[in-house]
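I have placed the structure first, in the form of structure tokens, so that the comments after it can refer back to it.
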Amino acid sequence: MDDHSIAIATLGRPAARTHHAHVVRELGQQIIGGHFPVGSVLPSDAVLLARFGVSRTVLREAMKTLAAKGLIQARARIGTRVLERSRWNLFDPDTLAWHIESGVDRPFLDSLAEVRLALEPEAAALAARRRSAADVADLYRMADRMAAPSNTAAAFAHHDLEFHLVVARASGNPFMRSISALIEAALAAALRISSPADDPAKMAASAAEHRSIAAAIEAGDEDGARAVMRRVIRRGADRVADALGTGSPDIKPGGPS
């Protein structure tokens, strides 16, 4: 990965610091990256113990963690099998991060954008109804930081993420806050491919649109907040699609909300 992708892929997610976390990360990345294909059986415990140099207890707990993420299933006399992709928990932050680190394709990016369009505009509308003065101040602060000319791509993405997390928090709905992993994954994928920070004019325009979201939320304008949030998500998806040379994503204007 380049510096941009490394910076955003680990945003809000510290590097593995324990033996357990190391085993989970290595196996999780290899499963999602296709080194262990769907339907295949993982190496035996003896092989994995030798490879990672961990205790049987650590390996067992790591396998439980991967099973909880829907990636694997242990069966007596068969071994530990990689489950079909439909079983993988894509709302899990680690699972999403491993997808980004392994590389994403157009359908995956389209699916991320569709989910964001279904949820975030409504989070913005709820924020316009329930925001506090502190929420509004935080939104403007993040938008101003996005506009800083000195931003690196990673710094811009960090401020962008923080802005959207404040919107989710201001919505007052605890389920909206749980979509942060989706937002982070979308921004991580975008940064790997294209970033507004690479073009000062695009960076300024993106920051201005985020400031417009903040203004609509401050004014209690639910329809306005919903509309601008939808536009921001679509333009981000369009920018990535253009960078891929594939045209605009197959998401209808004004898509689901």
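The values are calculated or read from the model by the stated rules, or taken from the named source; none is laboratory data. In this text, all values refer to a predicted model and were calculated from it rather than measured experimentally. Using ideal geometry, Cβ is built from the backbone for each residue, glycine included, and neighbour counts are taken over all protein chains shown.
Data overview
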{"quantity": "Test for ASP144: is it surrounded by fewer than 18 Cβ atoms within 10 Å (Cβ to Cβ) and under 17 Å from GLU209 (Cβ atoms)", "calculated": "yes"}
{"quantity": "Any hit, the range 161-183, residues being surrounded by 24 or more Cβ atoms within 10 Å (Cβ to Cβ) and not hydrophobic (A, V, I, L, M, F, W, C)", "calculated": "yes"}
{"quantity": "Test for ARG192: is it under 14 Å from GLU122 (Cα atoms), assigned to a helix (DSSP H, G or I) and in contact (Cβ under 8 Å) with a residue 24 or more places away in the chain", "calculated": "no"}
{"quantity": "Any pair with Cβ under 8 angstrom, 6 or more apart, that starts in the range 160-186 at a residue that is free of Cβ contacts under 8 Å to residues at least 12 places away in the same chain and outside any helix (DSSP H, G or I) and ends at one that is surrounded by fewer than 20 Cβ atoms within 10 Å (Cβ to Cβ) and of a type outside the set (Phe, Trp, Tyr)", "calculated": "none"}
{"quantity": "Only one of LEU126, LEU139 that is touching a helix residue (DSSP H, G or I) at 6+ places or on another chain (Cβ under 9 Å) and surrounded by 22 or more Cβ atoms within 10 Å (Cβ to Cβ)", "calculated": "LEU139"}
{"quantity": "Within the range 1-60, helices (runs of 4 or more DSSP H) holding 3 or more residues that are modelled with pLDDT of 95 or more", "calculated": "19-32, 45-52"}
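Quick grid of which residues meet (1) modelled with pLDDT under 95; (2) of a type outside the set (Phe, Trp, Tyr); (3) surrounded by fewer than 17 Cβ atoms within 10 Å (Cβ to Cβ):
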| position | (1), (2), (3) |
| --- | --- |
| LYS64 | no, yes, yes |
| ALA76 | yes, yes, yes |
| THR80 | no, yes, no |
| LEU90 | yes, yes, no |
| THR95 | yes, yes, no |
| SER102 | yes, yes, yes |
| PHE108 | yes, no, yes |
